[in-house]
Amino acid sequence: MRKKLSRILVLTAVFLLVAAVPFIGFTQTTKRYDGVTLRVLTMQHEPIKQSIIKSIPRAKAELGVEILVDEGEYTTTKQKTVNAALAKTGQYDITTMADQWTGEFQKGKYIVPLDDMLAKDAAFKNAIVQVPLTFTQFNGKQWGIPFAIEMTIRFYRTDILQKEKLEPPTDWDKYWKIVKYFHKNPKYPDFYGGAEMYARDQGYLIGWLNRYWQNYDFKPVKTKNGFWDENYKNCFDKKAFIEAVNNAKELYKYMPEGVQSFSLPEALDFFIQGNAASVLLWAAGMGNASEDPSRSNVVGKVAAVPAPGVPFAASWQLTIASASKNKEAAWAYIRWLTTPANDLGFWVDNGKTPILAATYDKPEAKKLYYIGTLKDTLKISRNCGNIEAMEDFYGGDLFPTAMDGVVGKTTPEVTADKVSKLISELLEKSGHPQ
Amino acid sequence: MSKRRIILIVLTIVACVVVIAYLFPVYWLVSMSFRIQKDMFAWPPKLFTLHLTLRNYKGLVEGHGLLWYLRNSAIIAPLSVALSMVIGSVAAYGLARFRYPGKVGSQIASWILSLRMLPPVAAVLPLFLIFSRLRLVDKFYGISLAYTFFNLPFIIWLLKIYFEDVPEEVEQAALVDGANRIQIFFRITLPLSTPGIATTFILALAASWNEFLMASQLATFNTRTLPVLIASFIWDRNLQWGYATASAVISALPILIIGLFIQRYIVKGLSFGAVK
Amino acid sequence: MGHKGGFHGLDGRTISRANFESRRRRWWAGVSKWLYLLPALAILVGIVIYPLIYMFRSTLFQWQAGIFGRFLGLSLWAKLLTGETLRIALTNSVILAVGTVVCELLLGLALALFLNETLGRLRTVLRAGLLIPIFIAPVIVGLMWRIIFNPQYGVFAWAIGQRGFSPIARDDLALYAIMLSEIWQWTPFVFIILLAALQSVPIDVLEAALVDGASFPKRLRHVIIPHILPAIIIALLLRSMEAFKIFDTIQVMTHGGPGRATEDMTYLIFRTGIWVSDVSTAATYSWVLVIILTVLASFFLKYAYRERG
């Protein structure tokens, strides 16, 4: 009798244990942070902003965290991060950071390195697209997790190029062919081969960079961006730059009238209104504009290739503030935002570029026609790198000086000298004597 | 019809044309806010189209929390104006009526004037640090205090001019009769300078309602105002012309309506040097 | 308290009640006039002091891109004061300030003179319409003009029959495009001030001049302008206060470009201080601006107040 009872007891215990395993496994994989409030500063870039805001209820349901969102446009986001960091009140737990701010933010200790947390999560680290991950690696540490990737893409009109038997602008020669073909072509009045962004904010940045990187010989020098090497010594190649400037200068003559006032919105509208055979844009700036019938005259007639030369890639990354009091919960939230399901969902619903490599190959991702192009572009793209004074690189004198060369105000040789000097100045400002 | 009358009519017609032409940009903005983006950038430009839509406004309310931003602006602007009008009118009265030892009075006045000429951009970070230390960040009264700081110089200067225009003899007579300053201020000075007060009020209201810089720094989670929303649509990567123009129209309406209501007072208020 | 006839004054002597009352009143009057200024000064001084000190300190000790504290002494001042960036920005600021104020005055006067002659009731409507630009946020005004000046789709290019032409695409014209948008917004302000002043010019003097056969320019110069001079001075004062703070329109229309063509002092301070986070440089530029504006303000006041009488 006793033997039978004990056998029943053992069997019941085993049964209960086996039945409980799935539940134990489930609660172990998602730890909840009920009662924790995370304060997030998001940039007002629609894909990023909508992804975070629209997923607030789900975050509450699945993680238990309360998400409060503050937002700002580009410079406001930067200034707010600086404000909050200096005031040391823990105003934000997570901020979206442009990768070029890494040098500055880590120097001032505004954000914490994420290496420890990543070390416990090797699978995640390997699942991320590796290229943007390197954009926030600085001084041997990882400072951010990519959240949205920007890259320069050339969009073109499939119908017109097919009709005129022109090849897509995959390299500079083909692009030149297109641009020259439509220049003052009587069959196509008011139509141009390309439209670039020239205005202060965007264009002068890209106008010569793609070509400069194409010209630059990266083999002998240990540099990632063609401006300074791994010891932060100036390795600017004046000859490569001069050729790039001359190329841009020549191209300028074939651009639409008034293009010097074209920032991204004007260039985009010029293309989707149907006045250009191609346009060079940040992929995120296009979004799904060309397929929106209320905005575009060219629905269904657009395809994309990586920018000719070497495309430029940058990113918005998620960082954890030093003053945050909920770092563990913040990391959990970041991991939640970057699960495969959310990564795909944010791309399909909001147009936020995926950051997990696997997402690029999923069939649902093909919803937007240039997902394949994004993947190809990332492989061959470059980034301008990082130093403490990196934002001075973008917002200081360097690009207007280069632009002077492009529009012919200074000769390319003089421009090259000036730019080289400015790069040295930047390096010294960041604490690297030349 | 006399020659004079013909000239008058011609002049009137020309004046109408001039004003209508002058207001063209406003018409253009409003028209854009009711169009789809394709129609905003047609060539030749569609000066007039019946193909109108409310999608921009709908999108603002449904997807971008327009009403929330409106509410915040509606709290902060009047609050800051009330605060700065009270403090400012008292200071203006002092500067207008009293003689301060030495040249202190005019020196203070000129210092206040130079404060007004200084762009706030310069002091964003330290201002934030002060407000953070005083726990005024992201609070309605905090932002109102910041606006007061920026509007005070302008308000004090305008009101000073208006108070100086109120004839001093009337006040002196009342003083002799035994009234004290407070009674004089409320019963004599204020009523006689009502147009001036109205003008200062609407200008201060417009300034606070449209202020962007300090709002963008001090308003974080709970108090973001309309200009912050408008600015979010004007950033290059995100420039959505439809939302930008629609939110601009909505933002301009309240001030315009109030301004048109008290228009009579404003015009009187801006008649400096006119015969009383 | 006191006994009939007198109090003990502070010096021990007896003074009359009436005397005491008047002394107390005078003492209170002396003190109370400061109380009027107290709240305003408390806010203004309290809030402005720390930024001024902070900004001054930043010019001497490096504050840039997360890097703090290295002593710079006067090296930053020397470098920036002789740099080309400051020269360009200062020139642009001055051109903008002088250009906008002068044009607003001239255009406002012209509009006022013109509308002064129109029929009364219509004048009210026209005047109300012209009030509109004043109340629109400068960001929005900038947006309006950016749309109008679009070289490929804008109404301006269409109106002059040259598609592709846009002042904001040319570095020699962009500054004037900014000036235009500012003038457009603020001329009505000057216009209203001057219109009201015009309507108070005494008719008999005007009639006398007409009888004397004076032509319009002569009437303008000798009769009208002297009468409205106080209003002109005030309009000048009010607009000059704002003249150096042009920022929003530049931000929206040109971002300071093409190149540096539309970068004024305010935009420069924004770019170096907020965008690039080089607070030391921005603080130095700010102090240059503060000094210039303070000098201008006191100079202006001396002259303006003398004219007003």
Of all residues in segment C:123-145 being within 14 Å of chain A (Cβ to nearest Cβ) and either among the aliphatic types (A, V, I, L, M) or within 21 Å of A:Ala276 (Cα to Cα) (or both), the one that is surrounded by the fewest Cβ atoms within 10 Å (Cβ to Cβ): C:Val139
Unique residue being in a helix (DSSP H, G or I) and away from chain A (no Cβ under 14 Å) when the list is C:Leu175, C:Leu86, C:Leu111: C:Leu111
Qualifying residue in segment B:259-267 (condition: of a type in the set (A, V, I, L, M, F, W, C), part of a loop (DSSP other than H, G, I, E, B) and at the interface with chain C (Cβ under 10 Å from one of its Cβ atoms)): no
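Output the number of residues of segment A:77-102 satisfying the condition of being in a loop (DSSP other than H, G, I, E, B) and not polar (S, T, N, Q). Steps first, answer last, please.
Filtering segment A:77-102 down to residues in a loop (DSSP other than H, G, I, E, B) leaves A:88-93.
Okay, now just the ones that are also not polar (S, T, N, Q), so A:88, A:90, A:92-93.
Going through segment A:77-102 one residue at a time, the tally reaches 4.
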Output for segment B:161-190, where each listed residue is in contact with a Leu (Cβ under 9 Å, 6 or more places away or on another chain), of a type outside the set (A, V, I, L, M, F, W, C) and more than 13 Å from chain C (Cβ to nearest Cβ): B:Pro167
Test: residue in segment C:202-213 that is part of a helix (DSSP H, G or I), at pLDDT 90 or above and assigned by TED's automatic domain parsing to the domain that holds C:Ile250: no
Cross-chain or 6+ apart pairs with Cβ under 7 Å, segment A:406-434 first and more than 12 Å from every other protein chain (Cβ to nearest Cβ), then basic (Lys, Arg) and assigned to a helix (DSSP H, G or I): A:Ala416/A:Lys238; A:Ser420/A:Lys238
Residue within segment C:67-76 that is facing chain B (nearest Cβ under 8 Å) and surrounded by 12 or more Cβ atoms within 10 Å (Cβ to Cβ) present: no
Failed criterion for B:Pro227 (all others in (1) facing another protein chain (nearest Cβ under 7 Å); (2) more than 22 Å from B:Ile76 (Cβ to Cβ) hold): (2)
Looking only at segment A:245-290, and only at residues there that are part of a strand (DSSP E or B) and either of a type in the set (Val, Ile, Thr) or away from chain C (no Cβ under 13 Å) (or both), the one that is nearest to A:Ile48 (Cα to Cα): A:Trp282
Residues (at negative phi and at pLDDT 75 or above) located in segment A:13-43: A:Lys31, A:Arg32, A:Tyr33, A:Asp34, A:Val36, A:Thr37, A:Leu38, A:Arg39, A:Val40, A:Leu41, A:Thr42, A:Met43
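I'm trying to understand the selection: among the residues of segment B:218-239, which are outside any helix (DSSP H, G or I) and without any contact (Cβ under 8 Å) to a residue 60 or more places away in the chain?
B:Trp235, B:Leu239, listed by residue number.
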Filtered residue count, segment B:217-241, keeping only those that are at pLDDT 90 or above and either among the acidic types (Asp, Glu) or under 21 Å from the mean Cα position of the chain (by Cα) (or both): 11
Residues located in segment C:98-111, provided they are in contact with a helix residue (DSSP H, G or I) (Cβ under 7 Å, 6 or more places away or on another chain), hydrophobic (A, V, I, L, M, F, W, C) and over 15 Å from C:Ile233 (Cβ atoms): C:Cys103, C:Leu107, C:Leu111
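State which residue is surrounded by the most Cβ atoms within 10 Å (Cβ to Cβ) when the search covers only segment A:71-121 and only residues that are of a type in the set (Phe, Trp, Tyr) and in contact with a Gly (Cβ under 8 Å, 6 or more places away or on another chain). It would help to see each step written out before you state the result.
As a first pass, look at segment A:71-121 and keep what is of a type in the set (Phe, Trp, Tyr): A:74, A:92, A:101, A:105, A:110.
If we keep only those that are in contact with a Gly (Cβ under 8 Å, 6 or more places away or on another chain) as well, we get A:105, A:110.
Values: A:Phe105: 28, A:Tyr110: 23.
So, considering only residues that are of a type in the set (Phe, Trp, Tyr) and in contact with a Gly (Cβ under 8 Å, 6 or more places away or on another chain), the one surrounded by the most Cβ atoms within 10 Å (Cβ to Cβ) is A:Phe105.
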Residue that is farthest from A:Lys31 (Cα to Cα) [pool: residues in segment A:49-69 that are polar (S, T, N, Q) and assigned to a helix (DSSP H, G or I)]: A:Gln50
Residue that is surrounded by 16 or more Cβ atoms within 10 Å (Cβ to Cβ), within 11 Å of chain C (Cβ to nearest Cβ) and closer than 30 Å to B:Phe221 by Cβ, where the choices are B:Leu152, B:Leu158, B:Leu115: B:Leu152
Only one of C:Arg271, C:Arg219 that is under 30 Å from A:Ser430 (Cα atoms) and not hydrophobic (A, V, I, L, M, F, W, C): C:Arg271
Filter result for A:Lys174 (in a helix (DSSP H, G or I) and within 28 Å of the chain's Cα centre (by Cα)): yes
Failed condition for C:Phe191, given (1) of a type in the set (A, V, I, L, M, F, W, C); (2) surrounded by fewer than 24 Cβ atoms within 10 Å (Cβ to Cβ); (3) in contact with a Leu (Cβ under 7 Å, 6 or more places away or on another chain): (2)
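The values are calculated or read from the model by the stated rules, or taken from the named source; none is laboratory data. Please read all numbers here as calculations on a predicted model, not as lab measurements. Neighbour counts run over all protein chains shown; Cβ positions are idealised from the backbone, glycine included.
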